[in-house]
1. Keeping every protein chain in place, order Thr11, Thr37 by accessible area at 1.4 Å, biggest value first, i.e. largest first.
2. If r is the Cβ-Cβ distance from Ile49 to Val15 and R0 is 35 Å, what FRET efficiency results, to the nearest 0.05?
3. Could you give the length gained on full extension between Ala38 and Asp7, defined as 0.36 nm per residue of separation minus the Cα-Cα distance, in nm?
4. Quick check for you: with a 1.4 Å probe and neighbouring chains kept, what is the accessible area per residue of the chain, in Å²?
5. Counting residues in the chain as N, plug N into 2.2 N^0.38 Å and put the Cα Rg over that result.
Amino acid sequence: MAYQLKDQDVTPPFVDPEAKRSVASDGVAAVAMVLLTAALITLILIQIID
């Protein structure tokens, strides 16, 4: 018996603009936290070295 493909809906789901903004703001917050952490580590290392 041959395998038959069924007709499927391949339309992508609707993208909620609010969710898209939320993801973008989460990304910005993550980058800001990385930069602040790097700055804090740098300040600590400078205090230890001096």
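1. So the residues, ranked largest to smallest area, are Thr11, Thr37.
2. Working: r = 49 Å, r/R0 = 1.40.
So, using R0 = 35 Å, E works out to roughly 0.10.
3. 5.9 nm
4. Counting only protein heavy atoms, the per-residue value for the chain is 104 Å².
5. Working: Rg = 24.0 Å, N = 50, 2.2 N^0.38 = 9.7 Å.
So the chain has a normalised radius of gyration of 2.47.
The values are calculated or read from the model by the stated rules, or taken from the named source; none is laboratory data. Predicted, not measured: the structure shown is a model, and the values here were computed from it. Note that we place each Cβ from the backbone using ideal geometry, even for glycine, and neighbour counts take in every protein chain shown. These accessible areas exclude ligands, DNA and RNA; they are computed on the full protein's heavy atoms, side chains included. Shrake-Rupley method; radii C 1.70, N 1.55, O 1.52, S 1.80 Å.
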